[in-house]
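Novice: First the structure, which I've put down as structure tokens, then a few questions once you've had a look.
The values are calculated or read from the model by the stated rules, or taken from the named source; none is laboratory data. Since we're looking at a predicted model, the values are computed, not measured. Here the Cβ is made from the backbone with ideal geometry for all residues, glycine too, and neighbour counts use every protein chain on show.
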Ligand code: ARG
């Protein structure tokens, strides 16, 4: 414990396994630049309180900038067993660079408790901005394709049974709508991440009347976390980010699942690019949608990280407890997993081939049974009755072993006298999709309106 920052009150040594168990430097080193930025802002504020002279501040700033350079160039040497975490490593090094008399003043009134929360929030804010860009790119590809490929009609499913004809673009925009909500949610999460814990101290607040608002402003935070105990105890921002990521991954997983089904030989609606597929080590003909399977699989991992952290924090007493260090690793992996997944999904959808003839071939006349019932509704028959009549037409077609649209007009009239000659016009898939022109439906104009809505969401409108 001799070299440790907190070694003063200790006489006994630490079990080497405890040292290893306790240290976080091998993962929180990721925050080196945020840690340095935070320290510079903190030191500047402490110049105003009179803790540091301007000359001392200049020395601290110079030293920290040099340390930043060392991290950037890979020349920073971690001292195993001494550099417990990124905060202690940087401070240890600062003392070496500028001397311990001045370096020793930096941490006045500060605690690693407000420091780590600051580092994590600064880091996460940048990551969220990157994730936002990935998500926007993904949505742009979805809307561009939806616009370009609007004419293609395919089966829409419920229970994975053919239900009603829809536009391929409408399917894409179903997910576009999910992902646009995810984008909105991400922006909301960002606002709550972007608040400053710095100046909260260990838990009770800063005794030197530091200007927390000025520190927050220098670091680009939107506001300060008001209660000092909440500021250091809170990992809601980590949980919330991972809840957001879990929801996004759930959507990506369902999207991937649809595409896995649509790319199977039995469907053949889409063909995945080689760039996102892999082969089999034994079966030469295989082309497997591994990218999509990984998206589906990684959704479980992302959700597990979120659930795991909630378990870790649910029972800890106020305020900082070392359990909170367990929020770092899942967050790092979660953010990477989600970011990679968004890039893969964008790659997949940008390079996917569609096979509209196969989509069209999979449409069957019974998918127009609802349209047939609606035909009679337009003649004034109550829907419940028309549902029954159309059902009898379906049964008749089954009995005759004929597709519904191959029944004769006489046969239809045999089921119900209210069918007129114009009933045969019902059996038209294009007409069916165009009928659904109310807001949010699958007609061309309704789909175009959805594209505009997603574009507005992208712009944050
Ligand atoms: N590495 C620690 C973490 O990630 C920093 C805070 C340590 N604070 C303390 N009081 N031991 O949570």
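Novice: Just to be sure before I move on: is residue 121 modelled with pLDDT of 95 or more, within 35 Å of the chain's Cα centre (by Cα), within 16 Å of the ligand (Cβ to nearest atom) and closer than 30 Å to residue 346 by Cβ in the structure I sent?
Specialist: Numbers: modelled with pLDDT of 95 or more: yes; within 35 Å of the chain's Cα centre (by Cα): yes; within 16 Å of the ligand (Cβ to nearest atom): yes; closer than 30 Å to residue 346 by Cβ: yes.
Against the criterion (modelled with pLDDT of 95 or more, within 35 Å of the chain's Cα centre (by Cα), within 16 Å of the ligand (Cβ to nearest atom) and closer than 30 Å to residue 346 by Cβ), residue 121 qualifies.
Novice: Can I ask one more? Do we find a residue being assigned by TED's automatic domain parsing to the domain that holds residue 251, in contact with a helix residue (DSSP H, G or I) (Cβ under 9 Å, 6 or more places away or on another chain), without any contact (Cβ under 8 Å) to a residue 40 or more places away in the chain and more than 16 Å from the ligand (Cβ to nearest atom) anywhere in region 346-361?
Specialist: No, region 346-361 contains no residue that is assigned by TED's automatic domain parsing to the domain that holds residue 251, in contact with a helix residue (DSSP H, G or I) (Cβ under 9 Å, 6 or more places away or on another chain), without any contact (Cβ under 8 Å) to a residue 40 or more places away in the chain and more than 16 Å from the ligand (Cβ to nearest atom).
Novice: For region 59-72, indicate whether the set of residues that are surrounded by 15 or more Cβ atoms within 10 Å (Cβ to Cβ), more than 16 Å from the ligand (Cβ to nearest atom) and more than 11 Å from residue 36 (Cβ to Cβ) is non-empty.
Specialist: There is at least one residue in region 59-72 that is surrounded by 15 or more Cβ atoms within 10 Å (Cβ to Cβ), more than 16 Å from the ligand (Cβ to nearest atom) and more than 11 Å from residue 36 (Cβ to Cβ).
Novice: Then there's this: Just one of the numbered conditions (1) away from the ligand (no atom under 14 Å from the Cβ); (2) part of a helix (DSSP H, G or I); (3) more than 16 Å from residue 240 (Cβ to Cβ) is not true of residue 307; which one?
Specialist: The number of the failed condition is (3).
Novice: Assuming residue 315 fulfils every condition listed in (1) under 30 Å from residue 433 (Cβ atoms); (2) more than 23 Å from the chain's Cα centre (by Cα) apart from one, which condition is it?
Specialist: If we test residue 315 against (1) under 30 Å from residue 433 (Cβ atoms); (2) more than 23 Å from the chain's Cα centre (by Cα), just (1) comes out false.
Novice: A further question on this structure: Can you find a residue that is part of a helix (DSSP H, G or I), within 16 Å of the ligand (Cβ to nearest atom), over 32 Å from the mean Cα position of the chain (by Cα) and closer than 29 Å to residue 126 by Cα anywhere in region 91-100?
Specialist: In the first step, residues of region 91-100 are kept if they are part of a helix (DSSP H, G or I); the result is 91-98, 100.
Next cut, within 16 Å of the ligand (Cβ to nearest atom) only: 91-92.
Next, from what is left, pick out any that are over 32 Å from the mean Cα position of the chain (by Cα): 91-92.
Remaining after also requiring closer than 29 Å to residue 126 by Cα: 91-92.
Within region 91-100 (the criterion being part of a helix (DSSP H, G or I), within 16 Å of the ligand (Cβ to nearest atom), over 32 Å from the mean Cα position of the chain (by Cα) and closer than 29 Å to residue 126 by Cα), the answer is yes, since at least one residue qualifies.
Novice: Out of 49, 88, 19, which single residue is outside the structural domain of residue 198 (by TED's automatic domain parsing) and over 39 Å from the mean Cα position of the chain (by Cα)?
Specialist: On the way: 88 fails: over 39 Å from the mean Cα position of the chain (by Cα); 19 fails: over 39 Å from the mean Cα position of the chain (by Cα).
None of the others qualify; the one that does is 49.
Novice: Out of 322, 298, 286, which single residue is more than 16 Å from the ligand (Cβ to nearest atom), surrounded by fewer than 14 Cβ atoms within 10 Å (Cβ to Cβ) and in the same structural domain as residue 241 (by TED's automatic domain parsing)? Lay out the reasoning, then the answer.
Specialist: Details: 322 fails: more than 16 Å from the ligand (Cβ to nearest atom); 298 fails: surrounded by fewer than 14 Cβ atoms within 10 Å (Cβ to Cβ).
After applying the criteria, what remains is 286.
Novice: For region 210-267, how many residues are part of a helix (DSSP H, G or I) and within 27 Å of residue 346 (Cβ to Cβ)?
Specialist: Summing the residues that are part of a helix (DSSP H, G or I) and within 27 Å of residue 346 (Cβ to Cβ) in region 210-267 gives 27.
Novice: I would also like to ask the following. Criterion first (in contact (Cβ under 8 Å) with a residue 24 or more places away in the chain, within 16 Å of the ligand (Cβ to nearest atom) and farther than 26 Å from residue 131 by Cβ) does residue 203 satisfy it?
Specialist: Details: in contact (Cβ under 8 Å) with a residue 24 or more places away in the chain: yes; within 16 Å of the ligand (Cβ to nearest atom): yes; farther than 26 Å from residue 131 by Cβ: yes.
Yes.
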